[in-house]
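S.K.: Okay, here's the structure, questions in a sec.
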Amino acid sequence: MQRVVAVTGGFGALGRTVGRVFAENGWEVALIDKAPAPENSSAEQLHASWWRGGVELIDLDSARSAISDLVEQLGKLDALVNIAGGFRWETLADGSLDTWDLMYQMNVRTAATASKAALDYIANSAEGGRIINIGAGAALKAGAGMGAYTASKSGVMRLTEALAEELKGSSVTVNAILPGIIDTPQNRKDMPDADFSRWVRAEEIASVILFLASGAASGVTGALIPVTGRT
Ligand SMILES: NC(=O)c1ccc[n+]([C@@H]2O[C@H](COP(=O)([O-])OP(=O)(O)OC[C@H]3O[C@@H](n4cnc5c(N)ncnc54)[C@H](OP(=O)(O)O)[C@@H]3O)[C@@H](O)[C@H]2O)c1
């Protein structure tokens, strides 16, 4: 029987690639996002069996409704990849304190909420459940203007460790990828003079996530794995 993965932020740059790579490797894929689903999208285009846009993942009821609907449709849930999130660059002096709340909500709370909504289903996975979060390499040592973002991604990393410990009595593993700057159209637009060849590709991140979701990674839990390309 095919394993089932739910990818949050599934219509974004990294989420779309992760969904495609899982589908290419025989998984059944569900995509969840706050962004609207791409217009006229088909299962073939999205590489997904189930998808839903307009899901606000800071809200537990919304997350529960999406996850229970996808389980009803696909029969089970084996893995959750928490990709929903966002970035702001802002100095403390010139920025708004609201940005700290926004980054917390977008990055930590979405991952905590989706994990809480998915936990009971994932714990029942016959092959061993998997939760994979997205932290950030940049959160290991913050640079100027990176306070709100890196504090929130540090929160994702601590959530990963705490939940991994919480679930050590079960077959569920919880790990996080810490990406460097990803080679996305948005980053190319924002940093046109950078050497794009040094940035990590979304496919390179997806293949590490795929490994963590596999049976081969059953001994890895609570790990924070930098995947930073050549930067
Ligand atoms: N891009 C990079 O260089 C980089 C580096 C390190 C880490 N990361 C992390 O990797 C992840 C994906 O990055 P990306 O470049 O693929 O970003 P992206 O293209 O902006 O995709 C992120 C998706 O998450 C959704 N989202 C945000 N808040 C949400 C919420 N409250 N509920 C549900 N969905 C929500 C966004 O929807 P809306 O567009 O509607 O907000 C968007 O579709 C993020 O967690 C990011 O922090 C990225």
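S.K.: I need every pair where a residue in the stretch 167-188 that is within 28 Å of Asp78 (Cα to Cα) has its Cβ under 8 Å from the Cβ of a residue that is of a type in the set (Phe, Trp, Tyr), sequence separation at least 6 or different chains.
M.R.: Gly180/Trp199; Ile182/Trp199
S.K.: Could you check how many residues of the stretch 161-192 are within 12 Å of the ligand (Cβ to nearest atom) and not aliphatic (A, V, I, L, M)?
M.R.: Matching residues across the stretch 161-192 total 10.
S.K.: Further question: What do you reckon, is Thr160 open to solvent by less than 40 Å² (accessible area, probe 1.4 Å) and out of contact with any Gly (no Cβ under 9 Å at 6 or more places or on another chain)?
M.R.: Taking the combined requirement at face value, the residue does not satisfy it.
S.K.: Here is a further query. Please go through (1) in contact with an Asp or Glu (Cβ under 6 Å, 6 or more places away or on another chain); (2) under 20 Å from Leu224 (Cβ atoms) for Ile182 and return the number of the only condition it doesn't satisfy.
M.R.: The one condition Ile182 does not meet is (1).
S.K.: Related question: If the Cβ limit is 8 Å and pairs must be 6+ apart or interchain, which residue in the stretch 194-215 that is part of a helix (DSSP H, G or I) and of a type in the set (Asp, Glu) pairs with which residue that is more than 13 Å from the ligand (Cβ to nearest atom) and open to solvent by less than 50 Å² (accessible area, probe 1.4 Å)?
M.R.: Short answer, once both residue conditions are applied: Glu203/Val21.
S.K.: Now for a different question. Has the stretch 165-172 got at least one residue that is within 14 Å of Ile134 (Cα to Cα) and over 13 Å from the mean Cα position of the chain (by Cα)?
M.R.: No, the conditions are met nowhere in the stretch 165-172.
S.K.: Please go through the stretch 15-44 and give me each residue that is within 10 Å of the ligand (Cβ to nearest atom), surrounded by fewer than 24 Cβ atoms within 10 Å (Cβ to Cβ) and under 19 Å from Ile131 (Cα atoms), ordered by number.
M.R.: Within the stretch 15-44, Arg16, Thr17 meet the criteria.
S.K.: Six or more apart or on different chains, Cβ under 9 Å: which pairs go from a residue in the stretch 95-107 that's under 18 Å from Ala136 (Cβ atoms) and in contact (Cβ under 8 Å) with a residue 12 or more places away in the chain to one that's polar (S, T, N, Q) and within 10 Å of the ligand (Cβ to nearest atom)? Could you list them?
M.R.: Cβ pairs passing all conditions: Trp100/Ser152; Leu102/Ser152; Met103/Ser152; Tyr104/Ser152; Gln105/Ser152; Met106/Ser152; Asn107/Ser152.
The values are calculated or read from the model by the stated rules, or taken from the named source; none is laboratory data. Keep in mind the model is a prediction, meaning the values are calculated, not measured. Glycine gets a Cβ as well: all are built from the backbone with ideal geometry, and neighbour counts include every protein chain shown. The accessibility values were calculated without ligands, DNA or RNA, using every heavy atom of the protein model including side chains. Shrake-Rupley method; radii C 1.70, N 1.55, O 1.52, S 1.80 Å.
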